[in-house]
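Read-outs throughout are calculated quantities, based only on the coordinates presented, and are distinct from any laboratory measurement. Treat the numbers as computed from the prediction; the structure is a model and nothing was measured.
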Amino acid sequence: MLRGVCPRCNAQEVFCMTNGVMSGDKIVHVRGLGWSTRQCDHVTHVCTHCGYYEDYIADRDTLQAIASNGKKWQRVPVSQG
C-alpha cells in the first residue's frame, strides 16, 4: 500500500489520508504505554478498486515507544515461506 499498489488485488488505485478511516475517534489510542494511552494520528491507505485498507501510525515517537515496551507489545517472528 505504501508504494501505491494494493497487496490484495494488485491495483494501482491506492489513496491515503491522515485519520481517513475512524472508529469513534480520529486518533489512535495505543495501549500498554503507561497509565494513560498514548494518542497519535494514523494514515489510512485505501484501494478504491477492491476496498481493502490499512492504517499506519504516523508518529515516530509512538512507534519507538511500542518497540521498547516488550511487556505489552511482542515482536512478531519472521516466518520463512
Karplus ³J(HN,Hα) for the stretch 66-79 (6.51 cos²θ - 1.76 cosθ + 1.60, θ = phi - 60°; Hz, whole; x = Gly/Pro) runs 5, 5, 9, 10, x, 6, 9, 9, 10, 5, 7, x, 6, 9
Once phi for every residue in the stretch 47-54 is put through the Karplus expression 6.51 cos²θ - 1.76 cosθ + 1.60 (θ = phi - 60°), the whole-Hz ³J(HN,Hα) values, with Gly and Pro written as x, are 8, 7, 8, 10, x, 5, 9, 9
Spelling it out for G20: with amide H atoms placed in the peptide plane at 1.01 Å from N, the residues 5 or more places away or on another chain with amide H under 5 Å from its amide H are T44
Here the stretch 2-19 yields Karplus 3J(HN,Hα) values (6.51, -1.76, 1.60; θ = phi - 60°; whole Hz; Gly and Pro given as x) of 5, 9, x, 10, 6, x, 8, 10, 6, 6, 9, 10, 9, 10, 9, 7, 5, 6
